[in-house]
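Chemist: Submitted below is the structure of interest, expressed as structure tokens.
The values are calculated or read from the model by the stated rules, or taken from the named source; none is laboratory data. Values in this document were obtained by computation on a predicted structure and should not be read as measured data. Glycine also receives a Cβ, built like all others from the backbone with ideal geometry; neighbour counts cover every protein chain displayed.
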């Protein structure tokens with residue numbers, strides 16, 4: 001859930017939690033929550049919302065969040081708990097499922113039938129660049145793959161060059177927890193080479209699915225293997241503005257991925273709650 | 001001549017604790033609640049200020065206040081929590097100035113996963129084990145919730161993005177409470193689960 005603070009208090013508390021409040025505000029907030037338990041509850045609830053947004057890949061200030069929350073064991077435990085809670089609740093029956101198990105019970109008869117598949121897609125790997133609607137890149141934002149960015153091809157657009165602050169990991173650098181990739185929609189099948197995402201086995205993968213803003217309020221993402229097995233499904237997504245343009249962003253846990261070919265299909269959810277195909281993406285994952 | 005540094009190993013005696021509670025409130029039950037509220041607030045303070053051991057520093061702060069009260073210091077304020085804040089800031093400053101204080105830049109932290117398990121090797125296999133243990137513990141803790149709590153927490157986190165907001169509004173209306181109150185109820189259950197999972201993980205690591 002993207003929580004837009006609608007009160008000045010809430011905005012200040014978010015700034016405080018992200019270490020962005022000025023000293024005077026910081027002191028006022030601290031004195032207040034020490035004196036007022038209800039205000040303290042409010043702060044803690046906002047903190048949990050921030051953590052949930054981060055875990056769902058919905059946080060715009062992810063870098064600031066990571067600086068504050070991942071340098072402390074106690075706060076990191078809260079983040080880990082949030083991940084576990086998401087997974088535990090997604091595994092239970094609910095009106096809206098957030099994930100499809102790796103071995104679904106249905107027998108997919110060929111998910112690609114009726115699709116116009118394409119191979120002219122470029123997977124753009126930005127060395128040392130974490131792509132999202134985040135303003136800056138720091139030394140902590142490294143991604144797993146050190147492959148050079150692929151040249152733009154027909155029907156695709158290149159990602160921006162890494163800025164001066166980007167750091168390329170050395171060849172033997174240990175990757176950090178999220179690898180981000182920009183995927184462009186697959187246009188036609190032209191027999192070209194399928195793009196490969198090379199990731200470390202314990203990384204979550206954040207996929208930025210470039211998409212022109214359309215007429216839909218929300219989108220559904222359905223990710224499957226070439227055999228049609230469900231891998232990841234997420235509803236209620238919206239288009240976010242990134243440095244590469246508009247996109248739908250999902251974060252897929254490392255445990256869901258293996259060396260395989262995958263297809264992602266985005267559907268727009270109409271006013272009549274019907275899913276209408278919008279775009280598809282085709283790629284391969286290789287774990288190193 | 002500056003006063004000697006506060007002895008960190010001073011132990012809170014029963015007498016000092018009783019005096020502290022009495023200063024917080026004459027009613028023992030309310031005093032106990034205020035003590036808990038202040039301690040939680042101090043932990044949040046130290047966490048948000050980036051201290052490594054917020055629980056220990058919170059207890060250190062409380063011990064210091066209790067010792068001063070035992071020694072006859074008067075707290076001239078309507079709300080003693082404000083006094084605790086001043087002491088906490090001193091404790092934090094001493095922590096940062098201590099030669100034992102270690103600042104760990106984010107880059108040098110283990111990068112394979114987020115969480116730390118004291119004393120354990122930090123490799124991918126161990127991290128996955130820990131993740132599995134955490135999930136097992138969470139399943140167990142969820143099963144220990146009473147039915148209403150379980151239903152509430154499931155309903156609260158149901159759906160994604162835009163759908164979740166609508167779900168929560170409907171849930172609050174169904175329960176006959178304001179959205180803010182629902183948020184706090186969910187927070188309490190979540191914190192209960194967090195503590196339960198922490199306890200479960202600690203017991204697993206001690207086996």
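Chemist: Hey, can you tell me all the residues within the range A:77-90 that are more than 15 Å from residue B:137 (Cβ to Cβ) and more than 8 Å from chain B (Cβ to nearest Cβ)?
Modeler: A:90
Chemist: So if I check each of A:50, A:43, A:59, which one is at pLDDT 95 or above and either assigned to a helix (DSSP H, G or I) or buried (at least 18 other Cβ atoms within 10 Å of the Cβ) (or both)?
Modeler: Just one listed residue meets the conditions, A:43.
Chemist: Also, quick follow-up: If you scan the range A:241-259, which residues turn out to be surrounded by fewer than 15 Cβ atoms within 10 Å (Cβ to Cβ) and closer than 17 Å to residue A:287 by Cα?
Modeler: Within the range A:241-259, A:255, A:258, A:259 qualify.
Chemist: Sticking with this one: Name the residues in the range A:56-71 that are more than 8 Å from chain B (Cβ to nearest Cβ) and in contact with a strand residue (DSSP E or B) (Cβ under 9 Å, 6 or more places away or on another chain), would you?
Modeler: Matches in the range A:56-71: A:57, A:60, A:62.
Chemist: Can you tell me which residues in the range B:27-37 are surrounded by fewer than 14 Cβ atoms within 10 Å (Cβ to Cβ) and either within 13 Å of the chain's Cα centre (by Cα) or at pLDDT below 90 (or both)?
Modeler: If the condition is that a residue be surrounded by fewer than 14 Cβ atoms within 10 Å (Cβ to Cβ) and either within 13 Å of the chain's Cα centre (by Cα) or at pLDDT below 90 (or both), then B:36 is the only one that fits.
Chemist: Now for a different question. Is it the case, given these coordinates, that residue B:187 is surrounded by 19 or more Cβ atoms within 10 Å (Cβ to Cβ), assigned to a helix (DSSP H, G or I) and either out of contact with any helix residue (DSSP H, G or I) (no Cβ under 6 Å at 6 or more places or on another chain) or touching a residue at least 24 places away in the same chain (Cβ under 8 Å) (or both)?
Modeler: no
Chemist: When you look at residue B:163, is it in contact with a strand residue (DSSP E or B) (Cβ under 7 Å, 6 or more places away or on another chain) and free of Cβ contacts under 8 Å to residues at least 60 places away in the same chain, yes or no?
Modeler: yes
Chemist: Looking at A:74, A:28, A:53 in this structure, which one is without any contact (Cβ under 8 Å) to a residue 24 or more places away in the chain and more than 8 Å from chain B (Cβ to nearest Cβ)?
Modeler: Going through A:74, A:28, A:53 in turn, just one is without any contact (Cβ under 8 Å) to a residue 24 or more places away in the chain and more than 8 Å from chain B (Cβ to nearest Cβ): A:28.
Chemist: Restricting attention to the range B:71-128, which residues are at pLDDT 80 or above, more than 29 Å from residue A:63 (Cβ to Cβ) and facing chain A (nearest Cβ under 9 Å)?
Modeler: Passing the criteria: B:81, B:82, B:84, B:85.
Chemist: Quick one: is residue A:241 within 16 Å of residue A:57 (Cβ to Cβ) and either within 14 Å of chain B (Cβ to nearest Cβ) or part of a loop (DSSP other than H, G, I, E, B) (or both)?
Modeler: Considered against the rule, which asks whether it is within 16 Å of residue A:57 (Cβ to Cβ) and either within 14 Å of chain B (Cβ to nearest Cβ) or part of a loop (DSSP other than H, G, I, E, B) (or both), residue A:241 comes out as no.
Chemist: For the range B:38-56, how many residues are surrounded by fewer than 20 Cβ atoms within 10 Å (Cβ to Cβ) and farther than 13 Å from residue A:43 by Cβ?
Modeler: Counting residues in the range B:38-56 that are surrounded by fewer than 20 Cβ atoms within 10 Å (Cβ to Cβ) and farther than 13 Å from residue A:43 by Cβ gives 7.
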